[in-house]
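The values are calculated or read from the model by the stated rules, or taken from the named source; none is laboratory data. These numbers were taken from a predicted model, which means no experiment stands behind them. Cβ sites come from the backbone with ideal geometry, for glycine too, and all protein chains shown count toward neighbours. The accessibility values were calculated without ligands, DNA or RNA, using every heavy atom of the protein model including side chains. Shrake-Rupley method; radii C 1.70, N 1.55, O 1.52, S 1.80 Å.
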Amino acid sequence: MESKFFSYDTHMGAVHLNVNFLDNSIRFYHEILGLAIFEQNATYTVLGLGGRPLVYLYETRTPRTTGQAGLFHMAFLVPSRTELGNVFNHLIKMQYPLAGASDHDVSEAIYLQDPEGNGIEIYRDRPAAEWAFQDNGHVVMGTTEMDYQGVLDANDGKPFTGLHPDTIMGHVHLSVKDIPSSIAFYEDVFGMDVMQLYGPQAAFMSAAGYHHHLGLNTWQHAQLSPALDAPGLRKFEINIPNTEDFDYFRQQLAANGLQTEKDGSSEILRDPNGIAIRVMYAK
């Protein structure tokens, strides 16, 4: 299934988080997950792998509130079942609490939270040739128990030194106030396709036929738009890798009367839920 508009692989970039206890979060992402520290300054800390920033951390003193739209989880895509087995074994040996482990037909995934309660998925994809599709073009994505022993046995026995350097931000899953308006926004502005829809409660969208770059759900009954300094998701990045598609995006901003705003040195766009998006022209 090809994207309505984008001919190349628009994909997710870094996730930016506001945290109340910066040092704790840095230790988690650096020492537990093994992300490299790329940059530390008075404003933020950047961590990533293979030269790619994956997580930005900003310290905030604002207390956490409930009912805000924002992050449901961010999903680190590792390149193989072996690498998923490596991190799974590592987390068990570290006795780090896990929130679940699932088979989604297109992928196998483990779930956890960082020290501030931000949701994390670590997953590996099955080959796209093995994905099944419904008659309407939607990809088959279920949720069953993961073959955890098979994943554990797939590890290569090497000492864990961090997530594999080819790990990327595979998708971002958002807690939103409304599904229809969110779908319309990401269709109109970014040309994403709905790859699966679960009634009025959840949708999964992508560019260029991936099973999903973006998850949307109303399971947490979000009613409020997040403030820029609120704990949790500050913004997330969508990377558009070619001039033609980036020009299309700029045209859609104008056609929909959308305005960007400043966040430090970068521009952000807000979706209908008030969630901030940093759009990057980046390969």
**Request:** Among residues belonging to the stretch 71-123 that are of a type in the set (Ser, Thr, Tyr) and assigned to a strand (DSSP E or B), point out the one that is surrounded by the fewest Cβ atoms within 10 Å (Cβ to Cβ).
**Result:** 111
**Asked** What pairs come up if the first residue lies in the stretch 248-262 and is under 19 Å from residue 272 (Cβ atoms), the second is surrounded by 12 or more Cβ atoms within 10 Å (Cβ to Cβ) and of a type in the set (Phe, Trp, Tyr), and their beta carbons are under 8 Å apart, counting only those six or more places apart or on different chains?
**Response** 249/190; 252/190
**Complete:** Scanning the stretch 145-167 residue by residue, the ones that are among the hydroxyl-bearing types (Ser, Thr, Tyr), in a loop (DSSP other than H, G, I, E, B) and open to solvent by 30 Å² or more (accessible area, probe 1.4 Å) total 1
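Just checking, does the stretch 16-28 include any residue being among the polar types (S, T, N, Q) and open to solvent by 50 Å² or more (accessible area, probe 1.4 Å)?
Yes - at least one qualifying residue is present in the stretch 16-28.
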**Prompt:** Hey, which of the strands (runs of 3 or more DSSP E) in the stretch 172-283, taking only ones fully inside, have at least 1 residues that are surrounded by fewer than 18 Cβ atoms within 10 Å (Cβ to Cβ) and in contact with a Leu (Cβ under 7 Å, 6 or more places away or on another chain)?
**Reply:** 202-206, 261-263
**Message:** Cβ contacts < 8 Å: first residue in a loop (DSSP other than H, G, I, E, B), restricted to the stretch 124-141; second residue of a type in the set (Ser, Thr, Tyr) and modelled with pLDDT of 95 or more, any location; separation 6+ or different chain. Result?
**Reply:** 126/107
**Request:** Take the stretch 58-70 and flag every residue that is touching a residue at least 12 places away in the same chain (Cβ under 8 Å) and either β-branched (Val, Ile, Thr) or surrounded by 23 or more Cβ atoms within 10 Å (Cβ to Cβ) (or both).
**Result:** 60, 62, 65, 68, 69, 70
